[in-house]
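Working notes, beginning with the structure itself.
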Amino acid sequence: MRKSFPAEDLARDARFVRISNEERFNDPRGPVGLGAQASKNAASGRNPQRLTPDRPDAPDAARSLMHGIFVGEIQALEGAGRTCWDFETGKGGDEAPFELKLDMARQCWDEARHVEISVKLSDHMGTEIGEFSENPFLYQAACNPDPVMRLTGVNRALEGLAIDVFNTMHSFGTTAGDPVLEFCEDWMLADEVTHVKMGSDWLRRLTEKDPERRERALEFQRVVDKLFSFGGFRGEEDDSPIKLARRFRELAGFTDEEIEEIKDISAEARREAVAATGG
Ligand SMILES: [Fe+2]
Ligand SMILES: [Fe+2]
């Protein structure tokens, strides 16, 4: 079986619609399914709009966001599976220790369960598989040739983002009075904290004696974090569409400084988005 499998060759049936990063970021409806109005507000520098049940477009925005989570779960499963396979077992720079592979195997089991939860939850919300598009960014970050980079790019940056999104959707489920949505998000959130913690632990363990490798991995994480700050959608204000889940991030091994840095990256992404639209 070949190593480092390209994203274009991932197995999907005819229901799935694949779009590129470029198409995703240029979508005028907004990149994360938060709805057209939220995107317009954020781009013009006005307060972005939080996902609340009283928004007229709330059902579609929530369904779109949930479909994005569903395809992200498939890719997280594929990425963790690849990390078990793509590297020889060992402690060298281009190898992956057995214990790391064991963590990735456990993660595969969790992600497979998340895919099932997401399919059932999407059905509950009235969404069909493939109704919204799929962008392979998470899996692409899992193609990095350095296992530490995979764990910072995927587990820390993107699953860190998943923590923020799940937490936001969990609150949405509570306010909307939908216990199915609320509990599904809660269960998946618990696992994501574990996955992000794995990323934090392995980053520190594998780069303990290699500060340069650590810096490269953290830089990769910053790039991914910035790319997926969605023009500053993520923040700590009451009206931030995606709320930075500070407490859960602490549990997942983020230091206070690292959480502050993500906040700054998001604020910077917002300033740039506003400047780009002349707002
Ligand atoms: Fe997951
Ligand atoms: Fe995960």
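At-a-glance table
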| read-out | value |
| --- | --- |
| Positions within segment 101-131 being more than 15 Å from ligand 2 (Cβ to nearest atom) and either under 14 Å from His195 (Cβ atoms) or touching a Leu at 6+ places or on another chain (Cβ under 6 Å) (or both), in sequence order | Leu102 |
| Residues satisfying the stated conditions in segment 223-242, i.e. under 14 Å from Ile259 (Cα atoms) and either within 13 Å of the chain's Cα centre (by Cα) or of a type in the set (Ser, Thr, Tyr) (or both) | Asp225, Lys226, Ser229, Arg234 |
| Residues located in segment 227-247, provided they are closer than 16 Å to Phe172 by Cβ and of a type in the set (Ser, Thr, Tyr) | Ser240 |
| Leading residue by the ranking (most open to solvent (accessible area, probe 1.4 Å)) among those in segment 74-86 that are touching a Leu at 6+ places or on another chain (Cβ under 9 Å) and within 11 Å of ligand 1 (Cβ to nearest atom) | Ile74 |
| Count - residues of segment 175-212 that are touching a helix residue (DSSP H, G or I) at 6+ places or on another chain (Cβ under 6 Å) and either hydrophobic (A, V, I, L, M, F, W, C) or part of a helix (DSSP H, G or I) (or both) | 18 |
| Asp256 being open to solvent by 10 Å² or more (accessible area, probe 1.4 Å) and without any contact (Cβ under 8 Å) to a residue 12 or more places away in the chain | yes |
| Search result, residues across segment 159-172 that are open to solvent by less than 10 Å² (accessible area, probe 1.4 Å) and more than 19 Å from Thr255 (Cβ to Cβ) | Phe166, Met169 |
| Within segment 114-123, considering residues that are under 12 Å from Trp187 (Cα atoms) and within 16 Å of the chain's Cα centre (by Cα), the one nearest to ligand 1 (Cβ to nearest atom) | His114 |
| Test result for Phe183, among the hydrophobic types (A, V, I, L, M, F, W, C), more than 16 Å from ligand 1 (Cβ to nearest atom) and either open to solvent by 70 Å² or more (accessible area, probe 1.4 Å) or within 15 Å of the chain's Cα centre (by Cα) (or both) | no |
| Segment 179-224: number of residues that are within 30 Å of Thr52 (Cβ to Cβ) and within 16 Å of ligand 2 (Cβ to nearest atom) | 14 |
| Scope segment 186-232; condition within 16 Å of ligand 1 (Cβ to nearest atom), touching a residue at least 24 places away in the same chain (Cβ under 8 Å) and either out of contact with any Gly (no Cβ under 8 Å at 6 or more places or on another chain) or not aliphatic (A, V, I, L, M) (or both); matching residues | Trp187, Met188, Leu189, Asp191, Glu192, Val193, Thr194, His195, Lys197, Met198, Gly199, Phe228 |
| Counted residues, segment 132-153 - those being in contact with a Leu (Cβ under 8 Å, 6 or more places away or on another chain) and over 30 Å from Asp57 (Cα atoms) | 5 |
| Candidate set from segment 237-253 (those that are of a type outside the set (Lys, Arg) and open to solvent by 60 Å² or more (accessible area, probe 1.4 Å)); member that is nearest to Asp54 (Cα to Cα) | Asp238 |
| Helices (runs of 4 or more DSSP H) completely within segment 86-169 that count 1 or more residues being basic (Lys, Arg) | 98-125, 147-150 |
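Matching residues to (1) more than 27 Å from Gly235 (Cβ to Cβ); (2) away from ligand 1 (no atom under 16 Å from the Cβ); (3) of a type in the set (S, T, N, Q); (4) at pLDDT 90 or above:
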residue: Glu88; (1), (2), (3), (4): yes, yes, no, yes
residue: Glu95; (1), (2), (3), (4): yes, yes, no, yes
residue: Ala112; (1), (2), (3), (4): yes, no, no, yes
residue: Met125; (1), (2), (3), (4): no, yes, no, yes
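Rundown of residues vs (1) of a type in the set (Phe, Trp, Tyr); (2) farther than 22 Å from Glu261 by Cα, yes/no style:
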residue	(1), (2)
Ile129	no, yes
Ser133	no, yes
Met149	no, no
Thr152	no, no
Arg156	no, no
Phe166	yes, no
Asp186	no, yes
Glu215	no, no
Gln221	no, no
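The values are calculated or read from the model by the stated rules, or taken from the named source; none is laboratory data. What you are looking at is a predicted structure, and each value in this text was computed from that prediction instead of being measured. Virtual Cβ from ideal backbone geometry, glycine too; neighbours counted across all protein chains shown. Ligands, DNA and RNA are excluded from the accessible area calculation, which covers all protein heavy atoms including side chains. Shrake-Rupley method; radii C 1.70, N 1.55, O 1.52, S 1.80 Å.
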